[in-house]
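Notes to accompany the following structure.
Read the figures in this text as sums done on the coordinates, not as results from a lab. If you're wondering where the values come from, they're calculated on a predicted model, not measured in any experiment. For neighbour counting, all protein chains shown are included, and Cβ atoms are generated from backbone atoms with ideal geometry for every residue, glycine included.
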Amino acid sequence: MVPTLAFACAAVLASFSSVDALWPLPTGLSVGSTALRLSQSFDITVDVQGAPDDLNAAVNRTKSQLWNDKLERLVVGRGSVDADAISNAAELTSLTISLADGATVRSISEEAIDALESRDDSYTLSIPETGSGAVLKANSTLGLFRGLTTFSQLFYYYNDNVYTIEAPIDITDKPAYPYRGLMLDTSRNYFPVEDLERTLDAMSWVKINNFHWHVVDSQSFPLQIPGFTDLAEKGAYSSSMVYTPDDVSHLVSYAAERGIDVIVEMDTPGHTAIVSEAHPEYVACAGSAPWASSANEPPAGQLRFTEPAVVNFTADVFTALSKMFPSKLLSTGGDELNINCYDQDEVTQGTLNKTGKTLEQALDSFTQATHSALAQAGKTPIVWEEMVLDHNVTLSNETVIMVWISSDNVAAVAKKGFKIVHSASDYFYLDCGGGGWVGSSPSTNSWCDPFKTWQKSYTFDPTANLTAEESQLILGGQHLLWTEQSGPENLDPTVWPRAASSAELFWSGPALTNVSSALPRLHDVAYRMRQRGVKAISLQPLWCALRPGACDVSA
Amino acid sequence: MILALKALIALGALPAAVLSLWPIPKSINAGTTFLTLSPQFSIDITFQSPPADLLSAVETAHYYLANDNLERLVVGRGAYDVQDVQSAKALSSLKLSLAEGAQVNSISAESVKAIGTRSEDYQLDIPADGSAATLTANSTLGLFRGMTTFSQFWYQYDDKVYMVSAPITIHDSPAYPFRGFMLDTARNYFPPADIIRTLDAMSWVKLNVFHWHVTDSQSFPLEVGEFPELAQKGAYSSSAVYTASDVQNITTYAASIGIDVMLEIDTPGHTTSIGASHPEYIACNQASPWSTYANEPPAGQLRFTDPAVVNFTTNLFSAVAKTLPSLMVSTGGDELNIQCYTDDAQTQAELTSSGLTLEEALSEFTQSTHGALIAEGKTPVVWEEMVLDHNVTLANDTIVMVWISSADAAAVADKGYRLVQGPSDYFYLDCGAGEWIGDTPEAMSWCDPFKSWQKAYTFDPLANLTDSQKPLVIGGEQLLWTEQSSPNNLDSIVWPRAAASAEVFWTGATGPSGAPLNVTEALPRLHDVRFRMEQRGVKAIVLQPLWCALRPNACDVNA
């Protein structure tokens, strides 16, 4: 009875069981139902002239994952169900990776930080059922890295065997959108470098390619910037809660080797109360009470952008930041500017009177100064949506806009002709739903209630309410974690596997997404992440994870 | 500027002392004198033949004092206190004594006494002049509670361990005898190490009942000597099992740190996993659509009309009860699905032949299982449906757990039963993270929204009860159902939130100042709980940006 049942189940599942293993789903995929196991002598051959070190390192990590993931397949009976199939399986002895004819050999790290729309993530992967060599080809080492990531997801473990049950496998894959990101706020609470490394690892496993690092905010300034070290000296939570230039350089390299571009954000001119620790004269309404009159959260404080000294200072800091971060993209922030803060600030009002400018005109001058500092450094600026929807600020055409307040605002930004990264709080904010964190408010829920489930993010339509032409402006999207209620203790369970849902949406494209068929694969993502040391949460009881579809609402 | 800030702290002398304690004692007088812990500090037991678990509790207290390494949560952290610490007197000992005539029992024996008869009160004095601190209680359990309080006073900076609020006089005792935490280990499995760590954290906030919802429809991880097949076939895997020795270790360890382990085997619903070894005992076993037969998949309930099932279940409870030191065992009884039995030919045939109604059969079943428990000297515990929705004869001393809604407590009290407050609208830790049932992209959790610590903290245990009903409330607990939880998020979903009810049920309606407990005063202390837990290896979440944690009340809504 038991063997028959297992066999029947395996057979029935075969037609879509490949789908259990891969995330994001490749855009072109065909699979069989033959078992294939890795030979004890399995090796990955790098057939690339002058292969860069980071490609060789990626190959070594892949080999390590293949033998060390030790993930048993998520079926009733786990790996034992496949015992017979494994014992009769052909052995795969090699994967050969090579670049397309004529492709220039560059490092993954260089490819990963190319201008967003010129990165080539595409690859083809072929694994014959006979055990003859598997072949991975791409136009770039970045594409080879993506293919290696896919390859490592295909294999399960049982009884010292590493195997797939779905050979032959043919994959032709490339992302639907060039921007697939994750944002982390390291200012509300601090995250040690090792937490960021682990997060970058997990991001790379689901092919996320941009780490949007909201590194500073009003609460703390943990970034040591050469030439401006007083900001962190006085503004970090402690001398040990600092990202040194060495930390940054290490993280940027670590990310780039894993196909990830690190986009730093220094939010200005709001969200800068902490700058006042080093430069009290630069900050209006610093620590003013009640904070609610001057800021969306405590402490209040915004840069006095009417002051030439502040404009110069800020532009110079952005120039210094540009040198620390090789990415072509850099965010100047620009969200939640509180006007009352400036209305009540004598310095600001005095300067406005003297110059005859309006606050909006002064904001424009400030923004042009900071953005031209970026332009001179070869960077494309990123801003939050208010900079185009609420303010009269002159921005260059290539400026990238992040829509966060509501997905409803995407169309208005598109009408202005700017490129867009989806970051809508109503779909992608990982911090919503944990209760209000402001004190003395016993009955309040989070401002962006309810919790954004993986299903909610996954069913987001990137081109809703957009014309075909406007749809071309969408670069992709990202999940975001604001960390008022997060620290290293809950980083993994808050982010994973939820953030994988936007990773697939923006890699595979909305046409391929379906919550019912996605769930078993997302279980696989979560269980594999745990095997690799990331504390992804359980989405369901294990009973459900072992029985795809059995816990669906109408099952 | 720094001086001015210091003056502020001095003005707030009482709050500064109080900042470190959770739950806040019933009565406390605190000063503003700094006191360091002498490098030769010792905890001395002044009575003969102290039990082994008291000695190990003393060792643990020493360990926390030496290793918490918690810097005080003020701007500047420990550096802020340097001068005061330099000139502080040193405390060289804490003397533990029992009240005259008190029996010397082990903490473990005291912890599993009948609920309502445990003695947890203690008196703690820490003089400001460095002379010996004294801790007195009527039981070793009370001494254990007092040492827990003592260990919360101390901060560390630059190799000095110090407190900021001597002299201290505390008279403390709990408002309610039952202060619990429930963990479901059936939806997802938790290794014993996770349970041990959870017990530790519970003891730090003086929780005293671990309600272990050990089995459910999804898995049966409990090894029962006489019925090995239940876990063999019903556990998720052979490694996802609590062996007899695991259970023994957990109950023994819990008792040694003041916690009674109350096991629940939920019956007659929530039992599909029994069908893995005894399919003949289960009606609507994994029937489809599950939503017709159960509140969540998989469907399946014990055929309690079947005499064989009654015998089996009764014997199961007898067998389990024998292995547990607690005087309380829960037989569950929630969410019974009637349709499951209506559509079950065997149940219907048995009802026809016996002439019983389903409710009558349920009553017989329950009397049989409860009879077995009572025969083993246990008090049965049930979920509220057993008294509100069914006609089941229960012993008068049965304890009823309210879970569906806080509004149901009054109805349970109307029936005269003792009750434990576990209402989903205040105390369910799993709410608010989205629906976990598949193919429901828009659905939220059934018990949305998330129950914040503030929500739990503002629960009124006696709401809508008459004066004569109020004594029926023996306490309460926060609960974690684990459809979406596992070892990966256990600490972060439970802590520090579950400390909220720990204080509600220890301190009671009013704090030492006589004012009602309130979230504004509590938050700085709860930050302290969280940071100390982190130092002790429990991954409690941050409640606010560190900026706020260092500046009490600066992030309040009206600040």
* the range B:220-322: chymotrypsin sites (Phe, Trp or Tyr not before Pro) falling in loop per DSSP and having at most 11 other Cβ within 10 Å -> none
* **DSSP beta bridge pairing in the protein assembly as shown, given as percent antiparallel to the nearest 5** => 30 percent
* **Gyration tensor (alpha-carbon) shape descriptor, the range B:392-489, a/c threshold 1.5** => prolate
* Considering only DSSP states other than H, G, I, E and B, which trypsin sites (Lys or Arg not before Pro) in the range A:406-450 qualify as loop sites with at most 16 other Cβ atoms within 10 Å? -> A:K416
* Looking at chain A, send over the antiparallel percent of its DSSP beta bridges, to the nearest 5. => 30 percent
* What average count of beta carbons from other chains do you get within 10 Å of the Cβ of residues in B:212-223? -> 1
* Asked: Among B:L141, B:L394, which comes first, second and so on when ranked by fewest other beta-carbon atoms within 10 Å?
  -> B:L394, B:L141
* Asked: Among all the lysines, which ones have a C-alpha under 26 Å from B:K206's C-alpha, if same-chain residues fewer than 8 places away are not counted?
  -> B:K26, B:K95, B:K113, B:K378, B:K451, B:K455, B:K470, B:K539
* **Formal net charge of residues neighbouring B:T33 (Cβ-Cβ distance under 13 Å; K, R +1; D, E -1)** => -2
* Structure fact -> With +1 at each Lys and Arg Cβ and -1 at each Asp and Glu Cβ, the charge dipole magnitude of the protein assembly as shown around its Cα centre, to the nearest 20 debye, comes out at 1380 debye
* Can you give the average number of partner chain beta-carbon atoms within 10 Å of each beta-carbon in peptide B:445-458, as a whole number? -> 4
* Asked: Once you sort the root eigenvalues of the Cα gyration tensor of the protein assembly as shown as a ≥ b ≥ c, which label holds: rounded (a/c under 1.5), prolate (a/b larger than b/c) or oblate (the other case)?
  -> oblate
* **Residue-averaged [θ]222 nm for the protein assembly as shown, counting only DSSP H segments that reach four residues, each worth -39500 (n - 2.57)** => -10000 deg cm²/dmol
* Have a look at the DSSP beta bridges in the range B:2-175 and tell me what percent are antiparallel, nearest 5. => 60 percent
* Test item: Cα-centred dipole of chain B, Lys/Arg +1 and Asp/Glu -1 on Cβ, debye -> 2060 debye
* Asked: Three principal axis extents, largest first, for the C-alpha atoms of chain B, in Å?
  -> 85, 57, 49
* Asked: Is the range B:181-508 best put as rounded, prolate or oblate by its Cα gyration tensor, with a ≥ b ≥ c the root eigenvalues, rounded for a/c under 1.5, and otherwise prolate when a/b is larger than b/c, oblate when not?
  -> rounded
* **C-alpha center-to-center spacing [the range A:446-473, the range A:103-160] in angstrom** => 29 Å
* Asked: Arranged by the count of other C-beta atoms within 10 angstrom, fewest first, what order do B:K113, A:K70 take?
  -> A:K70, B:K113
* To do: For chain B, calculate the relative contact order in percent as a whole number, restricting contacts to Cα pairs under 8 Å that are 6 or more residues apart.
  => 15 percent
* Pick out, in residue order, every one of the GluC sites (Glu not before Pro) in the range B:416-520 that is DSSP loop and has at most 11 other C-beta atoms within 10 Å; say none if there are none. => B:E442
* **Cβ neighbours within 10 Å from other chains - mean over B:518-526** => 2
* the range A:279-357 and the range B:209-277: distance between their alpha carbon centers, rounded to Å -> 59 Å
* Asked: Fewest to most neighbouring Cβ within 10 Å: what's the order for B:R145, B:R77?
  -> B:R77, B:R145
* Structure fact -> Note, A:D195: beta-carbon cut-off 13 Å, +1 each Lys/Arg, -1 each Asp/Glu, net -4
